[in-house]
Amino acid sequence: MFIYMLFCIFLFMAVQERVVYLDGDGIPRYWYNILPDLPEPLPPPLDPETGEPVSPEKLAVLFPRELIRQEVSEERFIPIPEEVREVYRLWRPTPLIRAVRLEKFLGTPARIYFKYDGVSPPGSHKPNTAVAQAYYNAREGVERLTTETGAGQWGSALSFACHLFGLNCRVFMVRVSYEQKPFRKVLMRLWGADVIPSPSRVTPIGSRILEEDPENPGSLGIAISEAIYEAVSNENTKYSLGSVLNHVLIHQTVMGLEAKEQFKLVEDYPDIIIGAVGGGSSFSGLFWPFYYDKVSGRAEKDVSFLAVEPKACPTLTKGIYAYDYGDTARLTPLLKMYTLGHNFIPPPIHAGGLRYHGDAPTLCLLVRKGVVNAVAYDQIEVFEAAKLFFQTEGILPAPESAHAVKAAIDKAIECKRRGEEKTILFSLSGHGYFDMKAYQDFIEGRLEPFAYPEDKIRENIETLLSKKLLFR
Ligand SMILES: *Cc1c(COP(=O)(O)O)cnc(C)c1O
């Protein structure tokens, strides 16, 4: 009897554990929020006018109430609305795949797994949050969303999500990508969105920039300013951000929560988790649930975390940890983050989604505390890694995701040298089938191994500090 009771208790606990995270169909019921588990409280966003923490009411012009609530929530598990899970069912759960042929090619004793979110309708992890954001906006009576996009991944994800929930959508697309990457523009338009190259003449901010420099290639910082301006100056219009903010990263945790269950099925557990970082949403979405295991004493291994960025936009590896604006025109609150300066215009590399001057404050805090490590690569070595991955595994990575592929390969080679049988997990956040121009430039030898000069970065940061446009 006693044994039987023990067994029942065990079974109940096992079932409980499952119910907390996943439905029978493998799709999470809750998102995980890291805020209560950070090593120290997150420095709050500051109002640039007062220097005080921003009041939630001030954010209400930009975001619906529920997203503001999630942004500051200390609730560890946030229920996913059934309407959102219904849409997730179109492509979730996404596969966790072991890269056996890549392992063989490298001759590594390491096991390499990737979580592949390129199977979503827009081809990346971004709809995980776009769908949730469109849903909450629609539920609160918003009629139109504005946003910015780099390579077009976020723009297409939000266009898709807006279409599903009957919202209008206007996307400011960084000009260099608008010209280099014509096909995601087509996706956005097919989903009914209105796509405008930024800087544009639609807003006074864009017009001013174009007057000074008609050839300005644009940047995410400028496009964010334009999208915010539009949202603030129009009725029933709100703004939507595809990375950086807490609520965005929270929605992305469906990836890590699914991956944890999938690892149980193959009786394995990662030693290291790797992700490319533009603002930090895909990487955080994958590693947060494992970080939770670690801080709550549930982790099977002492898992470590590695962020990967381009040498052309080396925020975590060469930036300063300071309060900076999220956009070029300084319309946003100040965020404590690693930054290259809000006026930073990165060179037009092909990984458009990694060209942001800052990163998510949660990720920056974890890097600052040494919980997450960071490494930077130039685009030639990244495209070489993407090519090898395509040849061995048959999936063409998004240029952004290819940064994680490169780091995973380097770790696997290191395991070979040391004879270590580690388990490597990386995020294949998207496919690269709309980035053929980038791959064409690569095979035709037109890419430069660009690294942003460190002295130029220092100089820009010093100038901003002395003008009091950046605060320690
Ligand atoms: C946007 C994007 C990224 C970078 O953004 P994060 O917020 O850092 O994830 C990475 N991979 C893909 C495929 C993207 O579209």
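Taking all protein chains as present, what is the carbon and sulfur share of the accessible area of the chain, in % to the nearest whole number, probe 1.4 Å?
Details: 10240 of 18740 Å².
Within the chain, the accessible surface is 55 percent carbon and sulfur.
Please report the net charge: other residues with Cβ closer than 14 Å to the Cβ of PHE442, K and R +1, D and E -1.
Overall, the nearby charge balance is -3.
Give me the one-decimal nm value for the distance between modelled label points at PHE183 and ILE97, 7 Å along each residue's Cα-to-Cβ direction.
Taking the simple label geometry, PHE183 and ILE97 are separated by 1.7 nm.
Within the set LYS260/LYS406; LYS58/LYS468; LYS264/LYS318; LYS181/LYS456; LYS126/LYS416; LYS294/LYS411, which residue pairs have Cα atoms separated by over 30 Å? Intermediate values should be presented prior to the final figure.
Working: LYS260/LYS406 23 Å; LYS58/LYS468 23 Å; LYS264/LYS318 37 Å; LYS181/LYS456 28 Å; LYS126/LYS416 34 Å; LYS294/LYS411 21 Å.
Beyond 30 Å between Cα atoms: LYS264/LYS318; LYS126/LYS416.
Put +1 on the Cβ of each Lys and Arg and -1 on the Cβ of each Asp and Glu in the chain; which of GLY152, LEU96, ASN234 then has its Cα farthest toward the positive end of the dipole?
LEU96
About the Cα centre of segment 127-239, how large is the charge dipole given +1 on each Lys and Arg Cβ and -1 on each Asp and Glu Cβ? Please answer in debye to the nearest 20.
Computed about the Cα centre, the dipole is about 400 debye.
Which GluC sites (Glu not before Pro) in segment 393-472 pass both tests, a DSSP loop state and at most 15 other beta-carbon atoms within 10 Å? Write out the running numbers ahead of the final one.
Working: sites: GLU393, GLU400, GLU414, GLU420, GLU421, GLU444, GLU454, GLU459, GLU462; in loops: GLU420, GLU421, GLU444.
Passing both the DSSP loop test and the Cβ count: GLU420, GLU421, GLU444.
Enter the Cα centre distance for the pair segment 273-334 and segment 217-253, rounded to the nearest angstrom.
19 Å
Tell me which GluC sites (Glu not before Pro) from segment 146-215 have a DSSP coil assignment and no more than 13 other beta carbons within 10 Å of their own. Walk me through the numbers on the way to the answer.
Numbers: sites: GLU148, GLU179, GLU211, GLU212, GLU215; in loops: GLU215.
Filter output for segment 146-215: GLU215.
Please name whichever of PRO361, PHE172, PRO79 sits farthest to the positive end of the charge dipole of the chain, dipole taken about the Cα centre and charges placed at Cβ: Lys and Arg +1, Asp and Glu -1.
Ranked along the dipole, the leading option is PRO79.
How much of the pair distance distribution for the chain lies past 42 Å, counting alpha-carbon pairs only, in percent?
The answer is 11 percent, as a whole percent.
Please identify the trypsin sites (Lys or Arg not before Pro) of segment 86-128 that satisfy two criteria: DSSP loop assignment and at most 14 other Cβ atoms within 10 Å. Which are they?
ARG89
Gain in length, VAL232 to LYS456, computed as 0.36 nm per residue apart minus the alpha-carbon separation, to one decimal in nm?
Numbers: separation 224, 0.36 × 224 = 80.64 nm, distance 3.39 nm.
Residue separation times 0.36 nm, minus the Cα-Cα distance, leaves 77.3 nm.
Please calculate how many Å² of accessible area segment 212-297 carries per residue, with a 1.4 Å probe and no DNA, RNA or ligand atoms counted.
Each residue of segment 212-297 exposes 27 Å² on average to a 1.4 Å probe.
Run the numbers on segment 240-305 and let me know its relative contact order in percent, using alpha-carbon pairs under 8 Å that are six or more apart.
Worked out over segment 240-305, it gives 39 percent.
Under a point-charge model restricted to the Cβ atoms of Lys and Arg (+1) and Asp and Glu (-1), what is the dipole moment magnitude of the chain relative to its Cα centre, in debye to the nearest 20? Please list the in-between numbers first.
Numbers: 52 positive and 59 negative charges, 116 e Å.
Roughly 560 debye for the chain.
If you rank PHE283, PHE450 by how much accessible surface each has, with a 1.4 Å probe, what is the order from largest down? Provide the component values of the computation, followed by the final result.
Working: PHE283 0, PHE450 80 Å².
Correct descending sequence by accessible area is PHE450, PHE283.
Once every DSSP H run of n ≥ 4 in the chain is given -39500 (n - 2.57) and the sum is divided by its residues, what mean residue ellipticity at 222 nm do you get, rounded to the nearest 500 deg cm²/dmol? Write down the numbers at each step before the final one.
On the way: 20 runs with 209 residues, N = 472.
Roughly -13000 deg cm²/dmol at 222 nm, from the helical runs in the chain.
The values are calculated or read from the model by the stated rules, or taken from the named source; none is laboratory data. Quick caveat, the model's predicted, so the values are computed rather than measured. FYI the Cβ positions are ideal-geometry reconstructions off the backbone, even for glycines, and counts take in every protein chain you see. Protein only, heavy atoms only, side chains kept; ligands, DNA and RNA dropped before computing areas. Shrake-Rupley method; radii C 1.70, N 1.55, O 1.52, S 1.80 Å.
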